[in-house]
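Quick note: the coordinates plus some simple rules give every number you see, no bench work behind them. This structure is a prediction, so every number in the text was calculated from the model and none was measured. Every residue, glycine as well, gets a Cβ built from its backbone with ideal geometry; the counts of neighbours run over all protein chains shown.
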């Protein structure tokens, strides 16, 4: 056999292998790929139901007060909060029977008088205060807890919450964000619940291997025995829930296809086509549900005099130079759309009038060039800091291409999270000119003030994160967040001024879908689009 | 040499991380914390101390207290985290080395003894393809074929021997190709040596020449390469660990770097440096078993020392 023949044979075999690997043959189902790993063991008997779910990251520790976006799915399995956001964005009480506003900034929170954690420790008003203290000490909830002036136990089951500078949405955020634990369980854990975590939910952690899997089992001693009063997030229809760690979203998409897992916490829009058609109809064997996640991609400008974006004309030139519709279509494969303001339709206080797609910095190269001329742009490099989340690198790359087309020199600054944060909070205002980021919040107003990084200049020595010192913006901001002044009008006034000054620019939002395999007959999601495993309806194997 | 090397590594990694941008306190508190809280945490963590103070504290902790530290993010011991992950990485690295022995050696020897014949050409083509295929591509293709399409093997995680088949193949293909080429070139050099010609002239069988005379002499540089590769692999094959979701040392270290988890990065690097030095030491010892000349050299030195002292 001569060399050419051998080469041809080898290349043909390689091509065959690649084609076979890429083929759409669905002849095998999940059962064929049975796994021996405890993480994917879905066997059950006598109606015992299990769910195997995948997430990209391990929580590292199971503390109720850690930081990091994706750890919330693990926290939700163990811990309850005073209230929670439903799929529809409504507030649903969990540990509270009720709450009332007794005077301006003062609230009474009434607890059920029979709450206990999975270890049997009773949960009372003092535990609420303890939980808030621990959350505050962690530093991870500074913006949410900032308005709290004091907390006092009126009796065993009533907490008086007093707020200073109460902002619209503050109470909701406070009630829905802080995990509750009993002081007794915290002390008994001996490790601040890093590994020995105990909550009041109907599930307890029974097994885990770091960076591999964690298994939760229904305890059958859940404190809320009246099923009609069980909050959606605290339902326990499934006997055992296992979260496995799959680092790569493509790999987790395959694992859903093979049936090794029932749901992946993160599914890239590139993989939506595996589970549903373009109209959003799930293929046989899958469940598809659009989530109310209000994640929005946007740009945050640096208004420091040390930045090329200090000039409003420069900021506007950048906005006009970008075709947000094209970016949305390309990056999110038809599931994205440009936004008509710095708002997301899923915000609680959203009204359609807030968006003006035809006039909101509509893609216009000529206008971009006009503003560039007004800004006196002389070819200086615009530094784009790219948040290391979601599809921001892809969005930023397209932005760079659009800016390049109108003659704006750009440099992309892509870093891992540590370096990113280090540059983001840099004090001189010289490091970046605008940030491309993806922001998400559970409610509208709370979201708005949080993404503006508190323009009241209280957080940073150098003013707001964007180096803005603008009294008019500050006034409008305070009117918008004021608990007595917040209204659609004040929100729109604020947004109008924001756009006039072009401090922030909304790029796009997208339809975020969640999927589940055939075992799940009813997929339940919360207000952030995260699965509520216990609320799902699952077939026994 | 091991002690200065490890000390050097410790100082180097500390210095690099000290001057690398990225605030561990900010990462720990994410973007919700006030500047005051970040500052307080930095003070608490000792990050505001001078370079010298932090370096001395680090070296004391490493080499006097024998403590790799506690992860900022996980709040767990770095040593226990690494030891928990090391067996998985060691399985991957060990099996890759085994693949090199059982596949690369025979291939390399076959190619050398059949130089320029079809067997040699076939080996060369296989080796070139093996080196050209990126391991992440191979990993994804194998997942698509064997997990998704055929449903034969699990696509992620650890747990049974079936979980390891694809990662080992994907991780070892590059190393097998390299060792095959090394074995071939070394073997070619050795079988042209005078002592091989002499052995042939004395009527020693070709098989005996290959395996008893030529092979041991071929092995020395090849084993050096394999040992170094094994030591490096113990540091983790991040790509393969990520593709197959294997919770190994590599992924742990990369996550530590992304989160600016300084104890994980520093402790992990020092631990792996020690491990690497030990592997190199074992290779040196192996030389003595494989090559009688090395053994004789050591024995000769010992005899000279005894003579001098007498």
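A few remarks follow.
- Segment A:484-501 versus segment B:42-113: alpha-carbon centroid distance in Å: 53
- Take A:83-95, B:251-263, B:190-202 and order them by the average number of nearby Cβ atoms within 10 Å per residue, most first; the result is B:251-263, A:83-95, B:190-202.
- Each eigenvalue of the Cα gyration tensor of segment A:42-184, multiplied by 5 and square-rooted, gives one semi-axis; in descending order these are 28, 18, 15 Å.
- Were the residues from residue B:296 through residue B:129 laid out at 0.36 nm apart, the gain over their Cα-Cα distance would be 56.0 nm.
- Sites residue B:11 and residue B:119 - FRET efficiency at Förster radius 60 Å, r taken between beta-carbons, to 0.05: 0.75
- Computed from the C-beta positions of residue B:60 and residue A:283, the FRET efficiency with R₀ = 60 Å rounds to 0.50.
- Computed E for residue B:201/residue A:274 - FRET, C-beta separation, R0 51 angstrom, nearest 0.05: 0.15
- Approximate spin-label separation residue A:226-residue B:274, in nm, with each point projected 7 Å along Cα-to-Cβ: 5.9
- Among beta bridges that DSSP assigns inside the protein assembly as shown, antiparallel share in %, nearest 5: 80
- Model label zone, residue A:148; criterion: amide N under 16 Å from point 7 Å along Cα-to-beta-carbon; scope segment B:33-55: B:33-34
- Counting Cβ atoms of other protein chains within 10 Å of each residue's Cβ and taking the mean over peptide A:407-420 gives 3.
- Normalised by the number of residues in segment B:123-173, the mean separation of alpha-carbon contacts (under 8 Å, six or more apart) gives a relative contact order of 36 percent.
- Computed over every Cα-Cα pair of segment A:119-251 and binned at 5 Å starting from 0, the pair-distance distribution P(r) comes out as 2, 9, 14, 18, 18, 17, 11, 7, 3, 1, 0 percent.
- Its alpha carbons give segment A:315-366 an Rg and a Dmax of 11.8, 36 Å.
- Rounded to the nearest angstrom and listed largest first, the equivalent-ellipsoid semi-axes of the protein assembly as shown from its Cα gyration tensor are 53, 32, 30.
- Interatomic Cα distance distribution for segment B:116-187, bins of 5 angstrom, percent: 3, 16, 21, 19, 14, 12, 9, 5, 1
- Comparing Cα centroids, segment B:267-281 and segment A:74-125 end up 50 angstrom apart.
- Cβ crowding within 10 Å averaged over residues, with A:353-360, A:314-321 ranked highest first: A:314-321, A:353-360
- The order of B:89, A:266, going from fewest to most other C-beta atoms within 10 Å of their C-beta, is A:266, B:89.
- Overall form of segment A:275-318 per C-alpha gyration tensor (a/c, 1.5; a/b vs b/c): prolate
- Per residue, the average separation of C-alpha pairs within less than 8 Å and at least 6 apart gives chain B a relative contact order of 25 percent.
- Projected onto its three principal axes, the C-alpha set of segment A:348-404 covers 42, 30, 15 Å, listed from the longest axis down.
- Computed over the alpha-carbon atoms, segment B:1-105 gives an Rg to Rh ratio of 1.11, Rh here being the Kirkwood radius from the mean inverse distance.
- Distance histogram for segment A:140-206 (every C-alpha pair counted, 10 angstrom bins, percent rounded to whole numbers): 17, 38, 35, 10, 0
- With the alpha-carbon atoms of segment A:221-301 aligned to their principal axes, the span from lowest to highest coordinate is 44, 43, 28 Å, starting with the largest.
- Each listed q (0.14 Å⁻¹) maps to a log10 I(q)/I(0) for chain B, found by the Debye formula over equal Cα scatterers with no solvent: -1.12.
- Peptide A:365-376, shielding by other chains (average Cβ, 10 Å cutoff): 0
- Convex hull (Cα only) mean projected area of segment B:215-292, reported in nm² to one decimal: 6.0
- The ranking of B:161, B:137, A:243 by Cβ neighbour count inside 10 Å, starting from the fewest, reads B:161, B:137, A:243.
- Gained length - residue A:333 relative to residue A:104, 0.36 nm times residue gap less alpha-carbon distance: 77.6 nm
- Order of A:362, A:101 - criterion: other Cβ atoms within 10 Å of each residue's Cβ, fewest first: A:101, A:362
- Under the simplified labelling scheme, the residue B:211-residue A:164 pair shows an inter-label distance of 8.6 nm, with each label point 7 Å from Cα along Cα→Cβ.
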